[in-house]
Each structure stands twice: as C-alpha cells, then as structure tokens.
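As structure tokens, the structure follows; a few thoughts come after it.
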Amino acid sequence: MRALPGKASRQPPGPEPVSRAASAQDQRRRILEATADLIAEQGYAETTIEQIVRQARVGYATFYKHYADKEEAFLALLDAAIERTVYEVEEAYDREDGPWPDKVGAGLGALLKAVSEHLNVARAFLLEAATAGPEAAARHEAALKRFAPLLRPGRELNPRADKLPETLEDTLVGGVVWVINQRLIAGEADGLRALLPEALEFLLRPYVGEVAAAREA
C-alpha cells in the first residue's frame with residue numbers, strides 16, 4: 001500500500017508476505033520430502049497419508065489440494081527424482097570432453113553422487129518403486145532405459161558390434177542399479193562412491209575388452 005502524501009506507509013514492518021504460488025510450492029516440497037523419508041524408512045505399503053501430513057506439517061485439505069492420494073504423491077516424487085538425476089548424469093557426461101570411456105565415467109560418478117546425496121529418495125525409488133504398483137514400476141523401468149543411450153556409442157569401439165545383443169545397454173544399467181540396491185539394503189550407503197572403478201569396468205568391458213576396461217577403471 002502506498003503511503004498518503006505526508007503520511008507514513010501503513011504497511012507493517014517485517015518480511016514481505018509469501019505469495020500463494022510460493023506457499024503452494026513449499027507445501028508440495030514438504031509433502032514430497034515427508035513421503036520420501038517415510039517410504040525410505042518403512043516402505044511404501046506401510047506409509048499412510050496420516051503419517052505424511054503429520055510429518056509434512058500440513059493439513060489433510062492441503063494434501064488433497066495437491067495430490068489425490070498416496071500413489072499420486074509418490075509418483076510426483078519419482079518424476080522429480082528421475083528428472084533431476086537424469087539431468088545431472090547427462091550434464092556430467094556431456095561436459096566431459098575426453099573420449100567416450102571418460103564420458104561414461106563422468107556420468108557414472110554423477111549417478112553415484114546423486115544417490116549418495118539423496119539417500120531417502122534413492123531408497124524410495126530404487127527399493128520401493130518396482131513393487132509400489134504398475135504405474136510406479138513402469139516409471140522405474142522407463143527411467144533406467146534413459147541411461148542406455150549414453151552407452152550405445154561404445155558399440156563403435158567393438159569390432160564385433162553386430163554380435164552384441166540389442167538389450168546389452170539395458171542389462172548393463174540394470175546390473176549397476178542392482179549393485180547400488182544391494183548396498184542400500186545392506187546399509188552400506190557410505191561406500192557408494194567407492195563403487196566407481198568396479199562399476200565403470202563392468203560397463204566398459206563389453207565394448208573395449210577386459211584389459212582396456214580395467215585400465216580405464
């Protein structure tokens with residue numbers, strides 16, 4: 001409110017009021033963070049909307065304003081996590097100006113870093129999505145396939161590329177994710193980044209051979 005001529009502003013001192021858009025964004029953020037924390041801790045099936053709204057410090061009306069049910073909130077969490085992780089991996093891969101094995105190493109390092117820095121989301125996505133319903137399972141599978149194009153250029157390095165199975169890239173990505181899953185299940189998340197050399201060698205071996213893959217790793 002503008003002050004009248006000769007009068008002080010009637011706007012009370014203090015921080016600017018939060019806009020509706022910013023408030024709604026903060027509500028969604030808290031709901032998704034609570035969803036990730038609870039599902040990572042106790043599993044998708046055991047997590048309830050009551051627990052989510054309590055941990056997110058929102059009311060039921062606020063929750064249902066943003067999400068129809070627990071599944072929709074979980075799918076929104078998956079979508080956000082997938083887009084962020086894929087972006088970080090692709091950005092690291094593209095930024096590396098060395099040969100293709102170096103680009104794969106950069107992308108793999110970004111993946112392990114993302115998992116290590118967002119363990120609650122990683123546990124929710126990697127350990128729960130596959131069994132949280134058909135839609136979550138489909139998004140989990142589709143997300144893993146988005147990494148396959150980063151590996152396909154390696155076929156150009158193999159003189160027998162025509163003999164490589166069409167599903168090779170999906171199999172390799174699945175193998176790396178399986179190893180990450182085992183670390184998360186065993187509570188050994190602190191050692192995730194140490195997987196880089198071993199996982200890189202695993203990814204490179206079908207394309208450049210055992211000796212060259214070990215050297216690159």
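The values are calculated or read from the model by the stated rules, or taken from the named source; none is laboratory data. For clarity, every value in this text was computed on a predicted model and none was experimentally measured. Cβ: placed from backbone, ideal geometry, glycine included. Neighbour counts: every protein chain shown.
Just one of Leu184, Leu172 is touching a residue at least 24 places away in the same chain (Cβ under 8 Å), over 16 Å from Gly109 (Cα atoms) and buried (at least 17 other Cβ atoms within 10 Å of the Cβ); which is it?
After ruling out the rest, the residue left standing is Leu184.
Does any residue of region 3-20 turn out to be modelled with pLDDT under 95, surrounded by fewer than 18 Cβ atoms within 10 Å (Cβ to Cβ) and part of a helix (DSSP H, G or I)?
yes
Do any helices (runs of 4 or more DSSP H) lying entirely in region 35-123 carry at least 1 residues that are modelled with pLDDT of 95 or more, and which ones are they?
49-56, 60-66, 70-95, 100-117
Tell me, yes or no, whether region 118-129 has at least one residue that is farther than 25 Å from Leu38 by Cα and touching a residue at least 60 places away in the same chain (Cβ under 8 Å).
Taking every residue of region 118-129 in turn, none turns out to be farther than 25 Å from Leu38 by Cα and touching a residue at least 60 places away in the same chain (Cβ under 8 Å).
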